[in-house]
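Below you'll find the structure, written out as structure tokens, and then a few comments.
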Amino acid sequence: MKRLLRRIGRWLLGALLVLAALAVCSVLLYRWINPPLTWLMVSEWRRLGQIERQWVPLETMSAHVPRSAAAAEDANFCRHWGFDLDGIRAALADSSRLRGGSTISQQTAKNVFLWPDRTWTRKGLEAGFTLLIETLWSKERIMEVYLNVAEFDEGVFGVQAAAQEYWGLDAAELGPLRSGRLMAVLPNPKDRSPVSGDPWVNARGARIQNGAATIRVDGRAACFS
């Protein structure tokens, strides 16, 4: 019996090592190669019959876009290594704050490598992938991937497809107002629209616009600008 248990233990350890190696290889691959599809994209494709997406490099986007994303979701993106402990504490203490405790790095890890269900297994894997992308990718790459895989409307993924969908523009043409309102739809793009005239979306967009201007001035956008 002891021999059998040792054999099972060695098999499990070997399987875990193989899975860890595959995770590292996949993260390294996406350092240079753009993710072709994500779990959510496939799910939306099956549900809707089609999706809209068009990858654009970070350097061809308007500078207002990544600054607005950081202001909306993770103002300390350049100052942490994947987990913003101060942001988590603040979000727990005040649910009305502009952003929550999940960083852009965590959201990128979830969006690219995992599924959207809220389970402890998924959260544990998310933490591991977050550490990997923070170690193996640059901050610019994390921001670029995030802005290209996030869903901004039903079946509309990435800022280029969203800019085309809502305004008939390229991501390079988005100014501070439109960038702020686009990020205001997160994390519920199916229920919100930057062109709906919704007072809540407009007000949040204005706060994001102000936050983006602030992080540009105080240096918190330096790692991706």
message: Given the condition out of contact with any Pro (no Cβ under 9 Å at 6 or more places or on another chain), among the polar types (S, T, N, Q), assigned by TED's automatic domain parsing to the domain that holds A63 and surrounded by 21 or more Cβ atoms within 10 Å (Cβ to Cβ), answer yes or no: does some residue in the stretch 206-223 qualify?
response: no
message: I'd like to check something: does the stretch 57-65 contain any residue that is at pLDDT 95 or above, of a type in the set (G, A, S), assigned to a loop (DSSP other than H, G, I, E, B) and under 23 Å from I208 (Cβ atoms)?
response: yes
message: Suppose we filter the stretch 1-40 for residues that are at pLDDT 80 or above and part of a helix (DSSP H, G or I); how many remain?
response: 11
query: Quick one: which helices (runs of 4 or more DSSP H) sit completely within the stretch 150-225 and have at least 3 residues that are more than 17 Å from the chain's Cα centre (by Cα) and among the aliphatic types (A, V, I, L, M)?
result: 199-218
The stretch 74-109, residues that are at pLDDT below 95, not aliphatic (A, V, I, L, M) and not in a loop (DSSP other than H, G, I, E, B): R79, D86, G87, R89
message: Suppose we keep only residues that are among the charged types (D, E, K, R), in contact with a Leu (Cβ under 7 Å, 6 or more places away or on another chain) and buried (at least 21 other Cβ atoms within 10 Å of the Cβ) within the stretch 144-181. Which one would you say is nearest to P35 (Cα to Cα)?
response: E144
message: I need the full set of residues from the stretch 165-195 which are more than 13 Å from V65 (Cβ to Cβ) and acidic (D, E), in order please.
response: E165, D191
message: Quick check on my filter: what residues within the stretch 181-212 are of a type in the set (G, A, S) and touching a Lys or Arg at 6+ places or on another chain (Cβ under 8 Å)?
response: A184, G205, A212
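State yes or no: is V156 out of contact with any Gly (no Cβ under 8 Å at 6 or more places or on another chain) and of a type in the set (A, V, I, L, M)?
Yes, satisfied.
The values are calculated or read from the model by the stated rules, or taken from the named source; none is laboratory data. Just so we're clear, the structure is a prediction, and the values are computed from it rather than from any experiment. Cβ coordinates were reconstructed from backbone atoms using ideal geometry, including for glycine residues, and neighbour counts include every protein chain displayed.
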